[in-house]
Amino acid sequence: MSERDEQVGYDVHGTEAKWLPVWQDLDLFRADDASPREKKYALTMFPYPSGDLHMGHAEVTALHDVIARYWWLRGFEVMNPMGWDSFGLPAENAAIKNDAHPAEYTYANIETQFESFKKFGISFDWSRRLHTSDPEYYRWTQWLFLKFRERGLAYQKFSPVNWCPNDQTVLANEQVVDGKCERCGAEVTKRELNQWYFKITEYAQELLDDLDVLSATWPDRVVTAQRNWIGRSEGAHVDFVVEGRPEPVTVYTTRPDTLYGATFMVVAADAALAAEIVSDAQRPALEAYVEEIRKASDIDRLATDRPKSGVDLGVTATNPVTGEQIPVWASDYVLADYGTGAIMAVPAHDQRDLDFARKFDLPVRRVVDVPGADNPEETYEATTGGGAYVNSGPLDGLTDKAAGIHAIIEQLAAAGTGEGTVNFRLRDWLLSRQRYWGVPIPIIHCPTCGEVPVPYDQLPLELPELKGADLKPKGTSPLAAASDWVNVDCPECGGAAKRDSDTMDTFVDSSWYFLRFCSPNDDTQAFDPAVVNAWMPCDIYVGGVEHAVLHLLYARFFTKVLADMGLLEFREPFAAQLNQGFVINQGKKMSKSLGNGVNLGEQLSEFGVDAVRLTLVFAGPPEDDIDWAEMSPSGSLKFLTRAWRLAGDVTSPAGTPLVIGGGDGADVPLRKHTARTLRDAAELVEGYRFNVMIARVMELVNATRKAIDSGAGPADPAVREATEVVAMLLSLVAPYTAEEMWERLGHPAGVARASWPEVDPALLVEDAVTAVVQIQGKVRARLEVSPDISEADLEALALADDNVVRALAGGEVRKVIVRAPKLVNIVV
Ligand code: ANZ
Ligand code: ZN
């Protein structure tokens, strides 16, 4: 026992040690698929096993657990599963460093985190535990890949990857720091490789549309981030004939109405098109330029404040409406894989085009006269708004942007040189990684038969056992160098063939784990559709906002595909979502370099699990950041001790089930307080206002203390009721203290599965207050009203009162001043 424990009399660590094994035996949170009770699925994002749990894990699981435990208390059958997203690069890097197997690092960390989660008292159903790096799991990830491929949703295409010329290896985006290799500092270049993609773009419109429904229950910022990521825009395709090229070059534009002002064209310098149309004289200049820009990221390339660069391709194009010959340039500000990779430049009305025109002295023609704006022909500022069309042939005279767009699209369609179209920013999902520690892609490449899937009955296709030395970069992906593994006979023709040597992005693993949790041990299928359809969609998904886009979008995409396969009866996996803030310290994000990290283990040994959990949940609204330096876990511990003491003081006998209002001779105000706290707690938890719920419990603890010491006394049934409700509500955040209280109150272990008390409805009827109605300062009526009546209701009630009507006698009411619930003042 530490000194602190002795001081307060409540043995925090002894209590933890006492209940942990008891809970393990009781197995309180095992979700029963066959239960007749209504089901709730509480999901929280599963972690990557890097070291032990940290403050962030503690926060998110503590918040999440409030909801899961609340549902149990309310009588639902709750599934609250947990597992590990256990493939990925850090394990591979650690293995290289220590010449070990990535599995050693991975599974050792998983065990550490598992023990910590248990000790942290989260109500996980551990019978559903899974690890995405287990062959029992990834067998089905491979199965899904093959099913997607059969539906035309997984395909291969050449595309550039980050390449370190020194290490001779492909780098993940996160291994490229400021354009340099994270390991050796060499300049990273791009290299074309055949890569696997999931065709998520096929679902772009549905992924966007369904956000309208989700916006009711998902955080706004997540919905907005997804909308922006999908990036739907309406515009037009316009065909430009380029000299020396039989088929026209199509551009994508959101402003086809500015076509009369298109004074040059720009194509993405690194797209095949540029090399196809460039004149012989300009080819060397283009090649040199492409070499130079390969290093820049897309974000840099699109930045408006970046100096423009480019190369004249030495050819002209014909503006389809003016017939003018306009120059064609190549630049990096046009992206190869957006729209068509070619644009019509309208410098007067697009800032990037104007910057480019000024830099290379290209013509600028205003075609929209934007009211109040300077003519961009004479400035450095493009005008982007609507206005009267000028220099625009048949559009001249129109003043409305929508009308202009409509008119030009009609004109282009009639001439056969363009059409209205919809464009999405969303790209297909590049899922292949040239790494070892991931799911092997179950494809065999045969010189005769081409791409051949690994037969379903040969899944899982397991990873070969490679260790640190084999994982070092050697110019190919580690699997390509594992010759025993990579060389196989073709399943179709029996000839010599090679396995695909890439592994899958770990986002693939996490795109369906919530389905697997429903039938985690099924070895005949990825999941049991009947069981999944009974549990899902998840009723809540708690996790970090950093997953607002990719993970959530991918999981939604998988769900839609599986619904189209007839396996799921729903098309959205997560009905509601809650994002927690960050735990920070002294105003800053915790980081190694700042040395301001807060160690979870140290906090737990100093204050105990419950005080840390309580502090995290009580800190504020779940979405807000928590500055640990401003928190008081010792204050939390003091409060828990106060609550715990109550349970020791209660002297009336235990009865079950608890009914608030169950015994006679009780302290009625305390009883009402308990009833209201219970009612409000439900509403507060359901509204994710956990901190307010705790504040209400604190008030109830104070009221109960007062009743024991200077009121009804410890034997009063209302004191027991209040204390039992405190224990139950505390079990949502401080399970050890709550369990200990429950035992002291004379109950068998398992407060977390107690049933939510019945409340005598009479206790919830609010006492009425008297409102005075004055006319010209004279009291004319007294009304009995509820203490929480709104101003509007009180005013209406006053004006309808018989005495008031009589006193007004048809006079004109000039002003009504309302101070709910006590006063209405009428001026005539
Ligand atoms: C002419 C024009 C005139 C444009 C004007 C804008 C304003 P969003 O809304 O993002 O879809 N664009 C098209 N393809 C591009 C590419 N591959 N790389 C860079 N820019 C590209 O934007 C579409 C607009 O971005 C298009 O409309 C095009 O410029 C540019 F007054 O065409 B616009
Ligand atoms: Zn073959």
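The values are calculated or read from the model by the stated rules, or taken from the named source; none is laboratory data. Just so it is clear, the model here is predicted, and its values are computed rather than measured. Reconstructed Cβ throughout: ideal geometry from the backbone, glycine too, with neighbour counts over all protein chains shown.
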Just name the residue that is farthest from the chain's Cα centre (by Cα) out of those in the range 355-373 that are crowded, with 22+ Cβ neighbours inside 10 Å and farther than 18 Å from N391 by Cα.
A357
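I'd like to know if the range 17-40 contains one or more residues that are touching a helix residue (DSSP H, G or I) at 6+ places or on another chain (Cβ under 6 Å) and crowded, with 23+ Cβ neighbours inside 10 Å.
no
Within the range 383-395, take every residue that is outside any loop (DSSP other than H, G, I, E, B) and within 44 Å of the chain's Cα centre (by Cα) and give me the one that is farthest from ligand 2 (Cβ to nearest atom). Show your work before the answer.
Going residue by residue through the range 383-395, those that are outside any loop (DSSP other than H, G, I, E, B) are 388-389, 393-395.
From what is left, the residues that are within 44 Å of the chain's Cα centre (by Cα) are 388-389.
On the way: A388: 66, Y389: 61 Å.
Ranking the qualifying residues of the range 383-395, first place goes to A388.
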I'd like the full set of residues that are within 16 Å of ligand 2 (Cβ to nearest atom) and part of a loop (DSSP other than H, G, I, E, B), limited to the range 473-490.
C490
From the list L412, L430, L426, L459, which residue is in contact (Cβ under 8 Å) with a residue 60 or more places away in the chain and more than 30 Å from A555 (Cα to Cα)?
L412
For the range 626-677, how many residues meet the condition of being at pLDDT below 95, small (G, A, S) and either crowded, with 20+ Cβ neighbours inside 10 Å or touching a helix residue (DSSP H, G or I) at 6+ places or on another chain (Cβ under 7 Å) (or both)?
5
Residue pairs qualifying under the 6 Å Cβ cut-off, at least six apart or on distinct chains, with the first in the range 17-33 being of a type in the set (K, R) and the second being assigned to a loop (DSSP other than H, G, I, E, B) and surrounded by fewer than 12 Cβ atoms within 10 Å (Cβ to Cβ), are none
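For L562, state whether it is in contact (Cβ under 8 Å) with a residue 12 or more places away in the chain and crowded, with 23+ Cβ neighbours inside 10 Å. Quick ask: steps written out before the conclusion?
Details: in contact (Cβ under 8 Å) with a residue 12 or more places away in the chain: yes; crowded, with 23+ Cβ neighbours inside 10 Å: yes.
It is true that L562 is in contact (Cβ under 8 Å) with a residue 12 or more places away in the chain and crowded, with 23+ Cβ neighbours inside 10 Å.
Conditions tested, residue by residue: (1) among the acidic types (D, E); (2) within 30 Å of R679 (Cα to Cα); (3) touching a Ser or Thr at 6+ places or on another chain (Cβ under 9 Å).
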| residue | (1), (2), (3) |
| --- | --- |
| R753 | no, yes, no |
| V759 | no, yes, yes |
| V769 | no, yes, yes |
| Q774 | no, no, no |
| R780 | no, no, no |
| S790 | no, yes, no |
| E795 | yes, yes, no |
| V813 | no, no, no |
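Quick check on this structure: which one of A792, A796, A781, A807 is over 30 Å from V659 (Cα atoms), in a strand (DSSP E or B) and among the small types (G, A, S)?
One residue alone meets the criteria, A781.
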Enumeration of residues in the range 340-382 that are among the charged types (D, E, K, R), within 12 Å of ligand 1 (Cβ to nearest atom) and assigned to a helix (DSSP H, G or I)
R352, D353
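Answer yes if at least one residue in the range 733-743 is more than 21 Å from T641 (Cβ to Cβ) and either among the hydroxyl-bearing types (S, T, Y) or surrounded by fewer than 21 Cβ atoms within 10 Å (Cβ to Cβ) (or both), and no otherwise. Break it down stepwise before answering.
Here is the first cut: in the range 733-743, the residues more than 21 Å from T641 (Cβ to Cβ) are none.
Looking for residues that are more than 21 Å from T641 (Cβ to Cβ) and either among the hydroxyl-bearing types (S, T, Y) or surrounded by fewer than 21 Cβ atoms within 10 Å (Cβ to Cβ) (or both), one finds none in the range 733-743, hence no.
Of everything in the range 412-454 that's of a type in the set (A, V, I, L, M), in a strand (DSSP E or B) and more than 16 Å from ligand 2 (Cβ to nearest atom), which residue is modelled with the lowest pLDDT?
We begin by selecting, within the range 412-454, every residue of a type in the set (A, V, I, L, M); these are 412-415, 422, 426, 430-431, 439, 441, 443-444, 452, 454.
Next, only the ones that are in a strand (DSSP E or B) stay: 422, 430, 443-444, 452.
Filter once more, keeping what is more than 16 Å from ligand 2 (Cβ to nearest atom): 422, 430.
On the way: V422: 95, L430: 90.
Restricting to residues being of a type in the set (A, V, I, L, M), in a strand (DSSP E or B) and more than 16 Å from ligand 2 (Cβ to nearest atom), the top hit is L430.
Run down D457, D470 and say which single residue is away from ligand 1 (no atom under 16 Å from the Cβ), part of a helix (DSSP H, G or I) and within 21 Å of E150 (Cβ to Cβ).
Values: D470 fails: within 21 Å of E150 (Cβ to Cβ).
Exactly one residue qualifies, and that residue is D457.
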Filter the range 472-526 for residues that are crowded, with 20+ Cβ neighbours inside 10 Å and among the charged types (D, E, K, R); which is nearest to the chain's Cα centre (by Cα)?
D509
Checked the range 700-713 for anything in a loop (DSSP other than H, G, I, E, B) and more than 14 Å from G663 (Cβ to Cβ); matches are G711
Selection from the range 228-262 of residues out of contact with any Ser or Thr (no Cβ under 9 Å at 6 or more places or on another chain), more than 11 Å from ligand 1 (Cβ to nearest atom) and either aliphatic (A, V, I, L, M) or in contact (Cβ under 8 Å) with a residue 12 or more places away in the chain (or both) yields W229, I230, R245
So, in the range 148-167, exactly how many residues are at pLDDT 95 or above and of a type outside the set (A, V, I, L, M)?
7
Looking for something crowded, with 20+ Cβ neighbours inside 10 Å, in contact with a strand residue (DSSP E or B) (Cβ under 7 Å, 6 or more places away or on another chain) and outside any strand (DSSP E or B) - is there at least one such residue anywhere in the range 94-109?
no
Could you grab me the full set of residues in the range 491-508 that are over 13 Å from G438 (Cβ atoms) and either within 16 Å of ligand 1 (Cβ to nearest atom) or part of a helix (DSSP H, G or I) (or both)?
none
